[in-house]
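First up is the structure itself, then whatever we jot down about it.
The values are calculated or read from the model by the stated rules, or taken from the named source; none is laboratory data. From a predicted model like this one, the values you see are computed outputs, not experimental measurements. Glycine gets a Cβ as well: all are built from the backbone with ideal geometry, and neighbour counts include every protein chain shown. For accessibility, only protein heavy atoms count, side chains too; no ligands or nucleic acids. Shrake-Rupley method; radii C 1.70, N 1.55, O 1.52, S 1.80 Å.
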Amino acid sequence: PHLAALVLARGGSKGIPLKNIKLLAGVPLIGWVLRAAIDAGVFHSIWVSTDHDEIEKVAKQFGAKVHRRSPEVSQDSSTSLEAITEFLNHHREVDIVGNIQATSPCLHPSDLIKVADLIQKEGFDSVFSVVRRHQFRWSEVKKGDNKMTEPQNLNPAKRYRRQDWPGELYENGSFYFAKRHLIEKGYLQGGKMAYYEMRAEHSVDIDIDIDWPIAEQRVLSFGYFGKEPLKEVRLLVCSIDGCLTNGRIYVTEDHKEMVSYDYRDIVGIDLLKKRGIQVRLISDRDCSKTLSAMQLGCVAKVSVTNKLQVLKDWQEDMGLSWKEVAYLGNEESDVECLKQAGMSGVPADACAAAQKAAGYICKSRGGCGAVREFAEHIFLLLEKVNSARKQ
């Protein structure tokens with residue numbers, strides 16, 4: 001049976017404009033679940049249903065196909081079931097839909113693999129995600145009613161200790177898998193049903209109970225970053241023009257060149273060095289005089305025609321794996337380096353090709369703190385590496 005992953009990503013959002021592609025820890029929100037779906041390897045096709053051009057662009061960038069939904073199912077009042085039904089009407093080859101929530105960025109491929117087995121091998125008609133919570137519930141008393149509240153799932157005289165109470169299962173909205181025949185009858189849950197319990201730390205729903213800065217910290221701690229485990233970064237290679245500087249060149253009357261840089265980026269380079277991370281600089285043009293004036297104390301190579309070859313030479317000379325190399329670039333000449341490096345980033349104003357190849361998109365523009373921001377991102381991921389080692 002054809003199992004399709006489907007992410008519903010409408011352009012309209014009452015809370016955060018274009019929330020589905022807003023950067024979360026340097027990755028468009030929708031990118032986190034698409035990465036998990038692709039790496040799970042259980043879907044015959046992966047789709048994003050949207051009504052917005054920019055969301056379509058990001059979806060394709062992450063390797064998904066796009067279903068352009070109609071205005072009728074793109075309203076604030078439209079339901080998920082309506083959008084899924086429309087998708088099925090246009091794709092008769094699909095037998096099972098795995099509806100994955102874009103706002104669940106801590107989803108892991110291992111969860112999706114297990115759910116696919118439940119519905120394909122064990123014969124369930126629908127499977128949905130839940131999380132276990134240890135919360136005591138009380139009845140609601142409306143204002144003005146002369147009533148007392150009543151306990152719903154506890155005896156106040158004998159309150160459970162957390163370790164003595166298994167808790168309760170709640171839907172967390174991360175995904176809903178269902179077979180076509182069930183959806184065509186108007187159900188996402190029904191027939192032979194099963195729940196899939198997700199780990200609490202992976203149960204992040206930005207729509208319901210979490211704000212953006214907290215979500216970023218949760219994703220950096222518990223998100224899925226790819227098939228290979230993260231390694232400690234030993235080398236950061238940074239493109240000079242457009243990353244360390246803003247890319248502008250000022251020419252004086254006596255034909256001397258001047259560039260500007262942000263002191264925060266110099267601090268970022270110093271912090272990286274203090275953490276034992278070597279920083280090297282690279283440029284397409286000859287900017288040796290500029291580098292000399294900046295006195296950064298970094299190995300640099302200028303007038304480079306093949307950045308990837310230089311990067312490979314440095315990586316081999318230092319005896320590093322690619323997972324130990326980070327790269328910050330901004331132009332088409334940086335694309336292959338961004339793809340090769342274990343950790344890659346671009347400033348907010350990088351070209352489209354570089355943004356597509358990068359794993360992290362900075363909020364800062366080139367020459368305006370992007371190096372410092374990428375350094376902070378590296379430090380956060382290194383905390384994740386160290387935490388995994390301890391476990």
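Worth pointing out:
- Taking the protein heavy atoms of region 262-391 in the context of the full set of protein chains, the accessible area attributed to carbon and sulfur is 45 percent at 1.4 Å.
- Carbon and sulfur %, accessible surface of region 90-243 computed with the full protein complex present, 1.4 Å: 49 percent
- Per-peptide packing, taken as the mean over residues of other Cβ atoms within 10 Å, places 187-198, 58-69, 18-29, 338-349 in the sequence 338-349, 18-29, 58-69, 187-198 from highest down.
- Spin-label model, Tyr170 to Val299: label points 7 Å out along the Cα-to-beta-carbon direction sit 5.2 nm apart.
- Cα-only radius of gyration and Dmax that characterise region 3-222, units Å: 18.9, 58
- Most mobile of Ser292, Ser74, Ser221 in a GNM of the chain (Cα contacts under 10 Å): Ser292
- Cut-off under 5 Å, modelled amide H: who pairs with His52 long-range: Gly11
- If only the Cβ of Lys and Arg carry +1 and only the Cβ of Asp and Glu carry -1, the dipole of the chain around its Cα centre is close to 1060 debye.
- Other-chain or far-sequence residues with amide H under 5 Å of Ser174's (modelled H): Ser129
- Derived scalar couplings between HN and Hα for region 163-172 equal 5, 9, 10, x, x, 10, 9, 10, 4, 10 Hz in order, rounded to whole Hz, by the Karplus curve 6.51 cos²θ - 1.76 cosθ + 1.60 (θ = phi - 60°), x for Gly and Pro.
- Spatial separation of Cα centroids for region 285-346 and region 16-88, in angstrom: 34 Å
- GNM on the chain, alpha-carbon springs under 10 angstrom: the most fluctuating residue among Lys147, Lys363, Lys185 is Lys147.
- Separation between Cα centres of region 179-236 and region 101-120, rounded to whole Å: 7 Å
- Between Asp317 and Asp284, residue separation times 0.36 nm minus the direct Cα-Cα distance comes to 9.8 nm.
- Relative compactness, region 235-389, computed as alpha-carbon Rg over 2.2 N^0.38 Å: 0.99
- Taking one quarter of the surface of the convex hull spanned by the alpha-carbon atoms of the chain gives a direction-averaged projected area of 26.4 nm².
- Normalised contact order of region 1-85, rounded percent, pairs of Cα under 8 Å and 6 or more residues apart: 31 percent
- A quarter of the convex hull surface defined by the alpha-carbon atoms of region 1-124 gives 7.4 nm² as the mean projection.
- Radius 15 Å from Cβ of Asn89, net charge of other residues (Lys, Arg +1; Asp, Glu -1): -1
- For the chain, the solvent-accessible area with a 1.4 angstrom probe is 50 square angstrom per residue.
- Once both labels are positioned 7 Å from their Cα atoms along Cα-to-Cβ, the gap between Ile249 and Gln340 label points is 2.5 nm.
- Anisotropy class of region 33-100 from Cα gyration tensor, a/c 1.5 cut: oblate
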